[in-house]
């Protein structure tokens, strides 16, 4: 009966009584709830924008630490905190914690115990990106492919469900999404030759409700895009949380690269890798899809956030989906049907394609990519495999109309290889060598969605890999791998403030208001994909050590 209630009725119930059932209604209006942070992405739309104004371009200079909480963990910290009724909930790869949001005092901590062989099967950092809350439960995923529900008051485990045997290379690093009464998760492991999928779970019992494969197999629409049995190890990870439009009852979830990287070993478009899937949250049925990089050679996966907004298109306010794709192009789609409105270059250096065909949505491949397909010889191509933007989520500010993203700029020498699949072993299909630019390797950019043009950029010699937060106070927050938590002017890009946190920042900043004070929180702790694979000697002096910092303006 509860799931059949309308959003309006649930909202009224929320105002009338303080029971646990109010969480469902609150999730629907999470983007406007300044006293809590209820959703991954600070709202179902994943805009990571706050209407709070207490911290503005002037007052941000007085931002000071309120407290710091140790995670007792030396791995990369990419988790986004959630805040509910004065309690902050946050995850690491091996623990879930509840902390008093005003004082930093730990309320409970629940450890995750792993089989000893688990860490070796994780590709690009032993991490977890956060939780989801619904009806008194906190949901999270684990590296050994389990989904767990915990009691929000005590941290006690309520249920645990296994998605699949992790040993062939499957893992979970994703923060779950609760949409229309279903807990939704996406798997990781494309670099191990998995067949990717997205799952739906019953929040009350942990019962498995549905599975949607991101690699089309026999009998599926799109199966013809995989020759022979290549679909069995076709990749298609789904390790970044999707967005949700409750009016359209549609979840938008990005999918990753094909396995292996060598496109000639699985010729065809390879649906539904490197795509966005529009899903029915109750059934997992694919309503429509859009593929950004068919038969992708370069690991330009498309898992990164699918941001929902209403922006002018052809002079009319239009409900769109926006994606700053790893392939270097910024896409704007009609989120009702997947129609392409715009796809323009935002990456500083993009050589693999000349553009995107406006009618078909397919990339117009450059000579270098055609040469790779024809010869499997070594080429230099930009961007490199980490893309023009990696996983780190961007922010969209509806007041400025700009997207703010931590972007990357370097290339690679790329040589396709032919590999045999072995369960539990990496299945790369290419040898790569980084090609570094003469100048900065990263830029925090303010991007015009419909043109891809850069309004301003803040360069960084060592690229930033944090999430981005923007506010109505005209401030944009981001973090550096060298440890600085930074604030920028949303209109000009001028740096307004910074604080050295003691370790590299790869977390996702959030903000909320409690008892009249606006707070900003961010997880700190180096150890993600750039730290592992770049060989950047400038990070050698950055100490490991995970912790959570909370800031507020001093009086």
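Regarding residue 107, is this residue assigned by TED's automatic domain parsing to the domain that holds residue 68, at pLDDT 95 or above and crowded, with 24+ Cβ neighbours inside 10 Å? No: the conditions fail for residue 107. Right, residue 382: touching a residue at least 24 places away in the same chain (Cβ under 8 Å) and in contact with a helix residue (DSSP H, G or I) (Cβ under 6 Å, 6 or more places away or on another chain) or not? So residue 382 does not fit the description; no.
Taken over the range 222-238, the residue count meeting the criterion of being surrounded by fewer than 19 Cβ atoms within 10 Å (Cβ to Cβ) and either in contact (Cβ under 8 Å) with a residue 24 or more places away in the chain or under 21 Å from residue 187 (Cα atoms) (or both) is 5.
For residue 423, the conditions (1) farther than 23 Å from residue 40 by Cβ; (2) part of a strand (DSSP E or B) all hold with the exception of (2).
The residue list 363, 317, 312, 297 contains one member that is modelled with pLDDT of 95 or more, in contact with a helix residue (DSSP H, G or I) (Cβ under 6 Å, 6 or more places away or on another chain) and assigned by TED's automatic domain parsing to the domain that holds residue 240, which is 297. For the residues 150, 177, the requirement of being in the same structural domain as residue 535 (by TED's automatic domain parsing) and under 20 Å from residue 242 (Cα atoms) singles out 177. Restrict the check to the range 86-93 and report whether at least one residue is more than 21 Å from the chain's Cα centre (by Cα) and in the same structural domain as residue 510 (by TED's automatic domain parsing). Checked against the condition, which is being more than 21 Å from the chain's Cα centre (by Cα) and in the same structural domain as residue 510 (by TED's automatic domain parsing), the range 86-93 yields at least one hit. Of note, residue 463 does not satisfy the criterion of being in contact (Cβ under 8 Å) with a residue 40 or more places away in the chain and more than 24 Å from the chain's Cα centre (by Cα). Residues that are farther than 19 Å from residue 350 by Cα, in a loop (DSSP other than H, G, I, E, B) and touching a strand residue (DSSP E or B) at 6+ places or on another chain (Cβ under 6 Å) within the range 284-302 comprise just one, 284.
Can you confirm whether the range 179-194 contains a residue that is more than 30 Å from residue 430 (Cα to Cα), modelled with pLDDT of 95 or more and surrounded by fewer than 23 Cβ atoms within 10 Å (Cβ to Cβ)? Checked against the condition, which is being more than 30 Å from residue 430 (Cα to Cα), modelled with pLDDT of 95 or more and surrounded by fewer than 23 Cβ atoms within 10 Å (Cβ to Cβ), the range 179-194 yields at least one hit.
Which residues, taken from the range 231-268, are closer than 15 Å to residue 325 by Cα and outside any loop (DSSP other than H, G, I, E, B)? Within the range 231-268, 252, 253, 254 meet the criteria.
All of 271, 308 fail the test of being in a loop (DSSP other than H, G, I, E, B) and surrounded by 23 or more Cβ atoms within 10 Å (Cβ to Cβ), apart from 271. With the requirement that a residue be part of a loop (DSSP other than H, G, I, E, B), modelled with pLDDT of 95 or more and in contact with a strand residue (DSSP E or B) (Cβ under 7 Å, 6 or more places away or on another chain), what does the range 535-555 give you? Passing the criteria: only 546. Among the residues of the range 312-360, the one identified as in a loop (DSSP other than H, G, I, E, B), free of Cβ contacts under 8 Å to residues at least 40 places away in the same chain and closer than 17 Å to residue 248 by Cβ is 339. Of everything listed in (1) crowded, with 18+ Cβ neighbours inside 10 Å; (2) within 30 Å of residue 377 (Cα to Cα); (3) free of Cβ contacts under 8 Å to residues at least 40 places away in the same chain, the single unmet condition for residue 484 is (2).
The values are calculated or read from the model by the stated rules, or taken from the named source; none is laboratory data. Values in this document were obtained by computation on a predicted structure and should not be read as measured data. Methodologically, a virtual Cβ is constructed for each residue, glycine included, from the backbone with ideal geometry; neighbour enumeration extends over all protein chains shown.
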